[in-house]
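To keep things clear, I will list the structure first and then write my remarks on it.
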There are 6 protein chains.
Amino acid sequence: MEQTVYFEDYQIGSSRTTSGRTITETDFVVHAGHTGDFFPHHMDAEFMKTTPFGQRIAHGTLVFSVGVGLTASIINPVAFSYGYDRLRFIKPVFIGDTIKTRTTISAKEDDPKRPDCGRVIERCEVINQHGDVVLAADHIYIVERRDKPGGASTDGAKT
Amino acid sequence: MEQTVYFEDYQIGSSRTTSGRTITETDFVVHAGHTGDFFPHHMDAEFMKTTPFGQRIAHGTLVFSVGVGLTASIINPVAFSYGYDRLRFIKPVFIGDTIKTRTTISAKEDDPKRPDCGRVIERCEVINQHGDVVLAADHIYIVERRDKPGGASTDGAKT
Amino acid sequence: MEQTVYFEDYQIGSSRTTSGRTITETDFVVHAGHTGDFFPHHMDAEFMKTTPFGQRIAHGTLVFSVGVGLTASIINPVAFSYGYDRLRFIKPVFIGDTIKTRTTISAKEDDPKRPDCGRVIERCEVINQHGDVVLAADHIYIVERRDKPGGASTDGAKT
Amino acid sequence: MEQTVYFEDYQIGSSRTTSGRTITETDFVVHAGHTGDFFPHHMDAEFMKTTPFGQRIAHGTLVFSVGVGLTASIINPVAFSYGYDRLRFIKPVFIGDTIKTRTTISAKEDDPKRPDCGRVIERCEVINQHGDVVLAADHIYIVERRDKPGGASTDGAKT
Amino acid sequence: MEQTVYFEDYQIGSSRTTSGRTITETDFVVHAGHTGDFFPHHMDAEFMKTTPFGQRIAHGTLVFSVGVGLTASIINPVAFSYGYDRLRFIKPVFIGDTIKTRTTISAKEDDPKRPDCGRVIERCEVINQHGDVVLAADHIYIVERRDKPGGASTDGAKT
Amino acid sequence: MEQTVYFEDYQIGSSRTTSGRTITETDFVVHAGHTGDFFPHHMDAEFMKTTPFGQRIAHGTLVFSVGVGLTASIINPVAFSYGYDRLRFIKPVFIGDTIKTRTTISAKEDDPKRPDCGRVIERCEVINQHGDVVLAADHIYIVERRDKPGGASTDGAKT
């Protein structure tokens with residue numbers, strides 16, 4: 001689905017939580033095969049028994065990719081992803097954990113290079129079944145302004 | 001393979017480049033299926049013909065995950081990944097592009113919470129077959145110091 | 001996302017079309033591997049050159065599964081899938097075709113076994129980039145009535 | 001393998017049962033990734049604990065695709081699949097269930113549009129390890145007649 | 001399907017050829033992800049342009065696994081696989097090549113350790129669309145004798 | 001990574017052991033889907049309960065492919081794989097077993113057809129978490145000699 005939301009329409013503090021997804025052993029194996037990272041932390045149950053974790057832990061990029069993927073439900077055609085700041089791996093994710101992602105609009109800024117756009121910062125928190133935040137990151141979107149500084153509104157200009 | 005490298009041993013400016021990997025249509029489909037992100041930007045060739053890109057573009061999380069995965073060759077048992085700063089999606093990656101990752105030690109810092117460790121910042125740049133940087137990020141490692149502030153060296157303590 | 005829609009609220013003739021998805025060679029290989037159907041119609045390009053199709057054709061179950069999957073965006077907690085009637089494989093789907101699914105509420109019926117529910121028939125048509133219907137089926141949902149025959153409305157009873 | 005069977009040769013009541021296949025958590029994850037259907041019924045173990053099922057249930061399209069795939073062992077070059085009628089999802093399939101498919105020739109009909117062919121109805125029943133039918137459907141094949149109404153036998157005409 | 005064939009019943013020189021399968025880029029990516037072998041020979045199209053091959057070549061283990069898999073159609077319950085001799089990678093397999101496997105019973109031997117069994121050597125040749133043998137190996141089966149040296153026939157003992 | 005090792009530099013008896021990898025149910029399902037071998041030995045938990053194994057066992061080609069894949073860490077640009085001798089499936093591998101591969105240089109031979117090269121035999125043993133060898137094979141490499149019989153050293157000739 002598609003929903004046009006202009007820079008002006010983002011409300012700081014507005015938040016939503018995705019549906020949940022259980023992270024399976026399959027996801028570990030798929031992610032290793034997709035990325036080529038077969039480090040024993042993710043793939044060797046015997047080795048991990050000898051560590052404080054006691055079991056395999058998910059790749060950071062797995063939790064990030066799936067956590068971000070959970071939020072991919074509505075397309076905003078006047079926004080694009082610029083990048084992420086402060087991506088942090090806070091707690092391990094184990095096989096069988098169920099994660100959700102909570103996104104919160106945390107800041108809005110001018111975009112120094114694009115006067116017709118602004119930057120929207122969306123705080124992403126990946127949360128497990130115990131309510132613990134396991135990964136956090138600030139997603140930076142570049143979003144068109146409805147009211148362009150030097151001209152007419154673009155409202156309705158999209159088809 | 002495993003290679004112990006202490007905080008003191010990281011050299012600012014030292015750099016390495018991974019082997020290359022061609023990003024295939026399969027990687028797009030696998031990443032969509034892994035993350036649940038089936039946005040038409042990645043999955044709908046007809047739609048993308050109508051955009052300035054002209055074709056499907058890789059998920060940002062795909063380029064990040066595979067780009068980081070390319071660096072996963074040697075385990076440093078005295079380091080762990082803390083997170084990433086300034087992750088930026090700089091250029092699109094298309095089906096058939098071949099990427100490599102260049103990593104450069106760019107900074108070393110004290111870790112405010114862990115006196116026995118320091119922070120090593122590794123600049124990661126994912127580069128395509130034209131030499132363009134398509135994604136960049138600063139990887140933050142927490143690395144043990146060989147010489148702990150309040151005590152004996154841990155040299156040789158690892159087995 | 002979740003949206004409660006009772007039997008009374010389905011409107012015959014209401015229709016929606018999903019976003020598109022390009023069916024790739026990867027989808028053929030994944031579907032063969034998932035189902036165990038490696039018939040040469042789907043897997044042997046040389047053999048298919050000798051047939052009127054001239055190339056590999058998608059499994060019927062692939063087009064059905066992906067076509068139905070494209071509609072899986074909003075959960076209706078008061079409905080469940082009962083089955084399908086008149087599933088027909090109308091035209092072949094080739095590697096590189098892009099499909100969308102158009103769903104239309106085509107009929108509503110009492111459910112003989114469940115007086116508190118009704119049957120909603122949703123016509124599903126999978127359409128390729130040329131506008132041709134390649135697969136059609138009538139999806140039967142069992143949906144709760146807001147006004148139960150022998151009792152109070154359940155409006156608001158769901159949380 | 002290939003085996004030519006003409007319309008006249010199908011025997012109503014003849015039946016066969018495939019070998020078995022255990023439906024794994026991997027199949028759930030693969031099917032979600034293949035179809036894009038990540039509904040919590042299939043993917044969120046925590047949510048499903050709160051429902052009468054108590055655990056994740058397989059996608060209907062998974063059981064159908066794998067159940068049909070189990071029957072794909074012998075190619076009949078004078079038959080093709082026309083579609084399915086009365087596809088019904090009868091019981092849930094859980095992770096770890098083992099299914100087989102029993103097919104029975106249940107009817108033979110003239111094909112109104114193709115005098116040289118007839119329709120063969122094959123009843124497909126997917127059965128779990130408890131002997132319960134979990135899915136049923138009537139598969140419709142269009143099959144060439146050996147004795148064409150207006151002409152010579154085609155026996156031996158295929159190579 | 002299952003078919004009991006005793007040691008005595010194998011005919012030296014008897015041969016069969018499987019159906020074909022086109023080796024796709026997807027198979028390369030899946031095999032790399034399955035095995036962890038991301039060597040540039042298989043994964044880096046740019047690098048391979050600089051070699052005499054001019055393009056990516058399939059993993060030896062891919063051609064072996066798929067070539068052997070093509071033969072897996074009939075289960076012989078009185079035989080098991082002992083191993084392979086003289087496995088040779090004869091020619092490269094490229095993306096888009098279509099392979100078949102020809103198996104020929106090439107020898108029968110006593111089994112020194114199992115008097116009730118014999119060894120059957122099945123020559124496996126994987127052949128591409130040009131008729132070239134790309135991989136060959138001698139598959140060794142241990143097969144029960146119908147007439148056990150020290151006792152009664154087991155004919156009919158299997159159910 | 002790349003490391004040039006000439007025929008003269010291989011030391012008979014030198015050995016290394018890879019990191020470990022837990023063989024998961026996912027690997028079974030992926031391998032079946034990759035090769036098309038869905039024999040009940042690997043895929044039907046109910047059937048396997050009735051056998052002496054008591055549970056599903058890994059495909060021989062799975063253990064071989066993953067066991068060999070574990071060794072794929074350093075590229076030797078002056079060597080290529082010629083084939084394998086004496087590949088033996090010694091013990092079953094079950095879901096949840098963790099395997100490593102130990103490689104030992106066991107022999108060096110002249111190559112009758114390539115005077116500038118020699119053959120290096122690397123004994124490969126795949127070992128489970130109990131220390132049992134589950135698969136063994138002799139890998140044959142063709143490796144360039146540093147000192148070519150009829151000419152100058154090639155040392156440094158590679159770029």
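Values quoted throughout were computed directly from the atomic coordinates according to the rules given, and no laboratory measurement underlies them. In this text, all values refer to a predicted model and were calculated from it rather than measured experimentally. Glycine gets a Cβ as well: all are built from the backbone with ideal geometry, and neighbour counts include every protein chain shown.
Tabulated data for the structure shown
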{"item": "Filtered residues of the stretch C:12-54 (kept if farther than 21 Å from residue B:26 by Cα, buried (at least 18 other Cβ atoms within 10 Å of the Cβ) and within 18 Å of the chain's Cα centre (by Cα))", "result": "C:18"}
{"item": "Neighbours by Cβ (under 9 Å, 6+ apart or cross-chain): first from the stretch C:22-49, within 13 Å of chain F (Cβ to nearest Cβ); second part of a helix (DSSP H, G or I) and of a type in the set (Phe, Trp, Tyr)", "result": "C:26/B:28; C:40/C:47; C:42/C:28; C:43/C:28"}
{"item": "Number of the condition not met by residue E:57 [criteria: (1) free of Cβ contacts under 8 Å to residues at least 40 places away in the same chain; (2) within 14 Å of chain A (Cβ to nearest Cβ); (3) in contact with a helix residue (DSSP H, G or I) (Cβ under 6 Å, 6 or more places away or on another chain); (4) surrounded by fewer than 24 Cβ atoms within 10 Å (Cβ to Cβ)]", "result": "(2)"}
{"item": "Within the stretch D:79-99, tally of residues that are more than 12 Å from chain C (Cβ to nearest Cβ) and of a type outside the set (A, V, I, L, M, F, W, C)", "result": "4"}
{"item": "Residue that is surrounded by the fewest Cβ atoms within 10 Å (Cβ to Cβ), among those in the stretch D:67-78 that are within 12 Å of chain C (Cβ to nearest Cβ) and either of a type in the set (Lys, Arg) or in contact with a Phe, Trp or Tyr (Cβ under 7 Å, 6 or more places away or on another chain) (or both)", "result": "D:75"}
{"item": "Residues that are within 13 Å of residue D:78 (Cα to Cα), of a type outside the set (Ser, Thr, Tyr) and outside any loop (DSSP other than H, G, I, E, B), drawn from the stretch D:110-146", "result": "D:117, D:118, D:119, D:120, D:142, D:143, D:144"}
{"item": "Test set (1) surrounded by 17 or more Cβ atoms within 10 Å (Cβ to Cβ); (2) over 30 Å from residue C:1 (Cβ atoms) - residue D:97 fails condition number", "result": "(2)"}
{"item": "Near pairs, Cβ below 7 angstrom, 6+ apart or cross-chain, from the stretch B:97-125 (farther than 19 Å from residue B:11 by Cβ) to any residue that is basic (Lys, Arg) and in a strand (DSSP E or B)", "result": "B:98/B:21; B:99/B:21"}
{"item": "Search result, residues across the stretch E:117-133 that are out of contact with any helix residue (DSSP H, G or I) (no Cβ under 6 Å at 6 or more places or on another chain) and either crowded, with 17+ Cβ neighbours inside 10 Å or of a type in the set (Val, Ile, Thr) (or both)", "result": "E:117, E:119, E:120, E:121, E:122, E:124, E:125, E:127, E:128, E:133"}
{"item": "Test: residue C:83 is part of a strand (DSSP E or B) and either of a type outside the set (Asp, Glu) or over 29 Å from residue C:7 (Cα atoms) (or both)", "result": "yes"}
{"item": "So residue D:92, is it outside any strand (DSSP E or B) and touching a Pro at 6+ places or on another chain (Cβ under 9 Å)", "result": "no"}
{"item": "Single match in B:7, B:38, B:28 (criterion: touching a strand residue (DSSP E or B) at 6+ places or on another chain (Cβ under 8 Å), aromatic (Phe, Trp, Tyr) and closer than 22 Å to residue A:21 by Cα)", "result": "B:38"}
{"item": "Filter result for residue B:11 (of a type outside the set (Lys, Arg), within 23 Å of residue A:58 (Cα to Cα), touching a residue at least 12 places away in the same chain (Cβ under 8 Å) and away from every other protein chain (no Cβ under 11 Å))", "result": "no"}
{"item": "Subset tally (residues that are closer than 17 Å to residue A:78 by Cα and of a type in the set (Gly, Ala, Ser)) for the stretch B:29-67", "result": "0"}
